[in-house]
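Student: To start, I am sharing the structure in question, which I have written as structure tokens.
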Amino acid sequence: MRKIVVRRPGGFDRLRLETGPDPVPGPGEVHVATRSIGVNYADCVVRMGLYSSARKYVGFPITPGFEFSGVVADVGPGVSDFRPGDSVMGVTQFGGYSSDVVVPREQLVRLPPELGMVEAGGFSAAFLTAWYAVFELCRLDPGDRVLVHSAAGGVGSAIVKLARAAGCEVLGVVGAPHKVEVALTAGAARVVDKSREDLWAAARDFAPNGFRAVFDANGAATLAESYRHLSQRGRLVVYGFHSLMSHGGLPNPVRLLAGYLKTPRFHPMRMVDRNVGVLAFNLSYLFGELPLFHRAMQDLFDKLRAGAIRPAPVTEFPLERAADAHRAIQSASTVGKLVLIP
Ligand SMILES: NC(=O)c1ccc[n+]([C@@H]2O[C@H](COP(=O)([O-])OP(=O)(O)OC[C@H]3O[C@@H](n4cnc5c(N)ncnc54)[C@H](OP(=O)(O)O)[C@@H]3O)[C@@H](O)[C@H]2O)c1
């Protein structure tokens, strides 16, 4: 097998290709020969040694990667419903950047006809994150106005699609002109390019009474204003802090500290009076919640089948060029999903 290994935390050059013997599935496990592996912004944070669940569950050396698609190569004792040759997709608690992965059978699903093998590799993490944010944490009604930051990115564009499928009016926010069309195609009713216009003036224009939900992975850069622009019964959903990070390979300690200190604190008494809430989550701690995983995937596949959502456009990188994929996603210029092809 070939896999990317990060032996010590650091910059892009820490993503090294290594080879080793093929893994052998144990009881209840399946060995998948991967065909496409999703790249997520979180993988960069893992590489830098700043991702808490990676430190907690794996440490270094580590192979990043939460998701993949591929073909079953072998099954372990007790697995009777998959056989070699089956096309599958799945999630893994790290270790995805590899030509071969072994995961518990419950972390796999069959590839649905609506997904090609390459786009399936980058489907699960972004859409599961978006699904959890939109459907588990918010109870949105048709016609609700919602604001989605980074609306052309992997998770952001998936949130736009799911909120639109729920009948919401979506204001998408993007950081560069070339992303506007992507967010509109995802289903945003209006897109603000914050590099060119005043984001919060446009937000007040779009939703004079505020937003029923704001989905924010920026962190300190926008959290306070996102909270201020909630309507009654509004929810601020926090799922990342990428504005704390620099665009280079290494974290900038001054930026990290400044961002941490600028991160707003929300007072419960004021939340009570405004009827608003702040919700936060990290799916990488929820790998034990397999019924939730299967419920979400089933609902997402139903929506794909009904034509209510579509997978994101995908940019491919060979597995050995994982560093270029990280460079690209950290540059903040990418749209849709990035995948590694082993
Ligand atoms: N909590 C969870 O369970 C969970 C799960 C998956 C992902 N996430 C988080 O969701 C966020 C999006 O992840 P993704 O994989 O879908 O990435 P992505 O949105 O495809 O790419 C990152 C985007 O973030 C924006 N950005 C703002 N500041 C940035 C910076 N300093 N460096 C790089 N990008 C910056 C850029 O978009 P604009 O300039 O257009 O805003 C950029 O295109 C990340 O923060 C990630 O950690 C959380």
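Every number in this text was worked out from the coordinates using simple rules, so none of it is lab data. Owing to the predicted nature of the structure, the values given are computational and were not obtained by experimental measurement. As a convention, Cβ positions derive from the backbone with ideal geometry for all residues, glycine included, and neighbour counts pool all protein chains shown.
Student: Under a plain spin-label model, where a point goes 7 Å from the Cα along Cα-to-Cβ, how far apart in nm are Arg255 and Tyr57?
Tutor: If labels sit at Arg255 and Tyr57, their model points lie 2.7 nm apart.
Student: Extension gain Phe82-Arg228, at 0.36 nm per residue separation less the Cα-Cα distance, in nm? Show your work: numbers first, answer last.
Tutor: On the way: separation 146, 0.36 × 146 = 52.56 nm, distance 4.97 nm.
Residue separation times 0.36 nm, minus the Cα-Cα distance, leaves 47.6 nm.
Student: Could you tell me what percent of the DSSP beta bridges with both partners in the chain are antiparallel, to the nearest 5? If you can, show how the numbers build up before the last one.
Tutor: Values: 29 of 54 bridges.
The antiparallel proportion sits near 55 percent.
Student: Which ³J(HN,Hα) values, rounded to whole Hz and listed in residue order, are derived for region 314-330 from phi using the Karplus coefficients 6.51, -1.76 and 1.60 in 6.51 cos²θ - 1.76 cosθ + 1.60 with θ = phi - 60°, glycine and proline given as x?
Tutor: Per residue, the Karplus-derived 3J(HN,Hα) values read 10, 10, 9, 10, x, 3, 5, 9, 4, 4, 5, 5, 5, 4, 5, 5, 6 Hz.
Student: Express in whole angstrom the spacing between the alpha-carbon centres of region 108-171 and region 200-270.
Tutor: 19 Å
Student: Grab the Cα-Cα distance for Val24 and Ala280, subtract it from 0.36 nm times how many residues apart they are, and report the gain in nm with one decimal.
Tutor: Working: separation 256, 0.36 × 256 = 92.16 nm, distance 3.68 nm.
88.5 nm is the gain from fully extending Val24 to Ala280.
Student: If amide H atoms are built 1.01 Å from N in the plane of the peptide, which residues on other chains or at least 5 residues away come under 5 Å of the amide H of Ser36?
Tutor: Ser69
Student: With the convex hull built on the Cα atoms of region 138-280, state its orientation-averaged projected area in nm².
Tutor: Working: hull surface 34.1 nm².
Reported value for the Cα convex hull: 8.5 nm².
Student: Which loop-located chymotrypsin sites (Phe, Trp or Tyr not before Pro) does region 92-138 contain, where loop means any DSSP state but H, G, I, E or B and the Cβ has at most 16 other Cβ atoms within 10 Å? Write down the numbers at each step before the final one.
Tutor: Details: sites: Phe94, Tyr97, Phe123, Phe127, Trp131, Tyr132, Phe135; in loops: Phe94, Tyr97, Phe123.
When the chymotrypsin sites (Phe, Trp or Tyr not before Pro) of region 92-138 are filtered for loop state and at most 16 Cβ neighbours within 10 Å, nothing remains.
Student: In addition: With point charges of +1 on the Cβ of Lys and Arg and -1 on the Cβ of Asp and Glu, referenced to the Cα centre of the chain, which listed residue (Pro84, Gly65, Gly121) lies farthest in the positive direction of the dipole?
Tutor: Gly65
Student: Hey, another quick one. Arg196 to Glu106: extension gain in nm, 0.36 nm per residue of separation minus the Cα-Cα distance? Present the calculation step by step, with values, prior to reporting the outcome.
Tutor: Working: separation 90, 0.36 × 90 = 32.40 nm, distance 4.58 nm.
Stretched out fully, the Arg196 to Glu106 stretch lengthens by 27.8 nm.
Student: Using 11 Å as the cut-off for backbone N distance, which residues of region 159-181 belong to the label zone defined by a point 7 Å from the Cα of Ala306 along Cα→Cβ?
Tutor: 165-167
Student: Skipping prolines and chain starts, which residues have an amide H placed within reach, meaning under 5 Å, of the one on Val79, given they are 5 or more residues away or on another chain?
Tutor: Long-range HN contacts for Val79: Gly28.
Student: A further question follows. Jot down the radius of gyration and Dmax of region 32-170, Cα atoms only, both in angstrom.
Tutor: Radius of gyration, then largest Cα-Cα span, for region 32-170: 16.6, 50 Å.
Student: Find the all-direction average of the projected area of the Cα convex hull for the chain, expressing the result in square nanometres with one decimal place. Walk me through the intermediate numbers first.
Tutor: On the way: hull surface 65.7 nm².
Reported value for the Cα convex hull: 16.4 nm².
Student: Follow-up. Which value in nm describes the separation of the simple spin-label points at Glu320 and Leu290, placed 7 Å from the Cα toward the beta carbon?
Tutor: 3.7 nm
Student: How charged is the neighbourhood of Gly76? Take every other residue with its Cβ under 14 Å from the Cβ of Gly76, and add Lys/Arg as +1 and Asp/Glu as -1. Don't skip to the end; give the middle numbers.
Tutor: Numbers: positive: Arg83, Arg105; negative: Asp22, Glu29, Asp74, Asp81, Asp100, Glu106.
Charge balance in the 14 Å sphere: -4.
Student: Oh, and also: When the helices in the chain are scored as -39500 (n - 2.57) per DSSP H run of 4 or longer and the sum is shared across all residues, what 222 nm value do you end up with, to the nearest 500 deg cm²/dmol? Please list the in-between numbers first.
Tutor: Values: 12 runs with 101 residues, N = 342.
About -8000 deg cm²/dmol.
Student: Also: Take His247 and Thr263, extend 7 Å from each Cα along the Cα→Cβ direction, and tell me the distance between the two endpoints in nm.
Tutor: 2.4 nm
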